[in-house]
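Notes follow once the structure below has been shown.
The values are calculated or read from the model by the stated rules, or taken from the named source; none is laboratory data. Everything quoted here is computed from the prediction, not taken from an experiment. Glycine gets a Cβ as well: all are built from the backbone with ideal geometry, and neighbour counts include every protein chain shown.
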Amino acid sequence: MQKETSQRLSSIKVDLNSIIKKVSNGSIPVVDFPLHIFPERLQEILLDVSHSFGLDKGFLGSAFLLSYGLAIGNSYKLEIKKAQYQKAIIYISFVARPSSNKSQALKFVLSPFESLEAKLRKEYQEEIDEWELWKATPLKDRTDKVKQEPQFKQFILNDSTMEATMMAHQVNKRRIVMYRDELAAFFKDLNKYRSGSDVENFITMWNGGAVKTGRTTRHVYIKDSFISVAGTIQPSVLRDMAKEYLRSGSGFIDRFLFVYPDVQEKPLWNDNEVDPSSISDFEESIFRITDLKQKMNDFGDTESEIVTLKKDARDKLFNWMNYVNKPLTDESNDILAGIYGKFDIHIQRMCLILHFIKWTFGDTEGREKISIDTVESAIILIDFFRSHTNKVQSELSNFDPKSILPDHEFDFYKEIPKNFSVKDIIQIGEKYGKKSQRAIYDFIEKYSPELFKKHGQGNFYKVK
């Protein structure tokens, strides 16, 4: 058995080296979205909406996953092993040029939650009017001596500080999505008021963990968070944004799934209209999940119900993790290893989301057990996301020193040896105006990790 496993791993490594070489050269094309993983009716809806709005199928299919994950929210989580859980949380970015209609897919799939908010907003307004009237009533004339101020329940946040986000989540403990049409603004706003804390909180929330904040007028504590993040970004902006987060080493960007299609065109206008049944059937499939009652514990707090994998499905998933994703992770560079390692988590979340998509369209019996077919679909889906991630990382790492360095700094760069310490290149630096160790350190930091990487204490090497 051990010999067979060793041979299998060796075979995988041979194929892997070829794959990694292609990725580094940017020669692997992205995979088309695998429509067949969806129930037949959802495939029809996807094609109808895509044709009408001129939407990329990868954008729309991935947006559906976000929407159904949001519908599940904190109501259900997957238990892969005892006390090891995954929720349907997704951080996702659509990468495309301006005017490529990348935002419309997210707007469409979030429309059921906009409808829910509109209904709740009307109820909230009636309640707040009643509360204001009660507040204005003299104490001796009040029927109710104590009356809590109504709270508006939000599903979608667009521009919110961390404190405001936590307060919204305290009202809606089941699900929140942070949707930014331009993710660049979201990244820019992170840590605007608190150095490092917002990124740390979003990393914790990606794991569905407990978060708290004490900067508002009241302490806010979320024991069981569920916040997804979604938005769009332009390729040129992505490079600048990613540079900062790669340099920070926080691993924040590693948690994002990317969709970056090869075709980057402004869609043609057409006379196609979305069939009303496509909209209604999609909304009903979402509401069928959101209407599920959430479990309550003995203390009156909400609890997630547990979904598990059937034995053959669990074996299939572990086999993929151990013999496909592990070798890919182990044999990759540090950046890709950090990203590929998260695919063990992404695939579990996709299993949970695809399971409920099948359930809401009547393609599976019960909600408690995930089948091997669903795991196989999740594996196909991860191949899709990996190909788009590879494209993003290939572009982020494909820096031509001559194109990004001013002429005098490019001349300096050419004279720097492949492996060096700052002391080694002091004399070279003086020729190009870098007359101190601090000036050289600043130069290295400015162009890391694109052109330089650290190699031990005080030592560096040139990437290009």
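In the stretch 306-334, of all residues being surrounded by fewer than 13 Cβ atoms within 10 Å (Cβ to Cβ) and either at pLDDT below 90 or in contact with a strand residue (DSSP E or B) (Cβ under 6 Å, 6 or more places away or on another chain) (or both), the one that is nearest to L396 (Cα to Cα) corresponds to D334.
The sole residue among K446, K423 that is outside the structural domain of M241 (by TED's automatic domain parsing), free of Cβ contacts under 8 Å to residues at least 12 places away in the same chain and under 15 Å from F460 (Cα atoms) is K446. Every listed requirement among (1) exposed (fewer than 14 other Cβ atoms within 10 Å of the Cβ); (2) touching a residue at least 12 places away in the same chain (Cβ under 8 Å) is met by Q104 save one, (1). Whenever a residue of the stretch 50-72 is under 21 Å from Q294 (Cα atoms), its partners that are assigned to a helix (DSSP H, G or I) and among the polar types (S, T, N, Q), lying with C-beta atoms within less than 7 angstrom and at least six residues away or across chains, give the pairs A71/T290.
Within this structure, D141 passes the test of being more than 30 Å from K77 (Cβ to Cβ) and not hydrophobic (A, V, I, L, M, F, W, C).
Looking across the stretch 417-461, the residues that are assigned to a strand (DSSP E or B) and not small (G, A, S) come down to N419, F420, F452, K453, K454, N459, F460, Y461. Of everything in the stretch 410-458 that's acidic (D, E) and closer than 28 Å to E395 by Cα, which residue is modelled with the lowest pLDDT? Restricting to residues being acidic (D, E) and closer than 28 Å to E395 by Cα, the top hit is E450. Using the structure shown, decide if R239 is more than 30 Å from F53 (Cβ to Cβ) and either at pLDDT below 80 or part of a loop (DSSP other than H, G, I, E, B) (or both). When the stated conditions are applied, R239 does not pass them. Cβ-Cβ contacts under 7 Å between residues 6 or more apart (or on different chains), taken from a first residue in the stretch 315-342 that is more than 17 Å from D254 (Cα to Cα) to a second residue that is acidic (D, E) and surrounded by 14 or more Cβ atoms within 10 Å (Cβ to Cβ), are listed as K316/E376; M321/D344. With the stretch 159-211 as the region, which helices (runs of 4 or more DSSP H) entirely inside it contain at least 2 residues that are modelled with pLDDT under 90, farther than 16 Å from I89 by Cα and touching a strand residue (DSSP E or B) at 6+ places or on another chain (Cβ under 8 Å)? The helices (runs of 4 or more DSSP H) meeting that bar are 162-171, 183-189. Does S394 count as out of contact with any Gly (no Cβ under 8 Å at 6 or more places or on another chain), in the same structural domain as S67 (by TED's automatic domain parsing) and in a helix (DSSP H, G or I)? The answer is no for S394. Give the residues of the stretch 75-97 that are farther than 25 Å from K369 by Cα and more than 19 Å from the chain's Cα centre (by Cα), sorted by residue number. Result: R97, single match.
For Q154, indicate whether it is exposed (fewer than 15 other Cβ atoms within 10 Å of the Cβ), within 30 Å of A210 (Cβ to Cβ) and of a type in the set (S, T, N, Q). Here the answer is no, as Q154 does not meet what is asked.
Going through (1) within 19 Å of the chain's Cα centre (by Cα); (2) surrounded by fewer than 19 Cβ atoms within 10 Å (Cβ to Cβ) one by one, M350 falls short only on (2).
Among residues of the stretch 363-387 that are over 19 Å from F64 (Cα atoms), those with a beta-carbon under 6 Å from a residue that is among the basic types (K, R) at least six positions away or on a different chain give the pairs K369/K310; S371/K310; I372/K316.
Given the criteria under 32 Å from the mean Cα position of the chain (by Cα), surrounded by 13 or more Cβ atoms within 10 Å (Cβ to Cβ) and in a helix (DSSP H, G or I), does S377 qualify? Yes: the conditions hold for S377. Can Y340 be described as at pLDDT 90 or above, surrounded by fewer than 19 Cβ atoms within 10 Å (Cβ to Cβ) and hydroxyl-bearing (S, T, Y)? Spelling it out, it is not the case that Y340 is at pLDDT 90 or above, surrounded by fewer than 19 Cβ atoms within 10 Å (Cβ to Cβ) and hydroxyl-bearing (S, T, Y).
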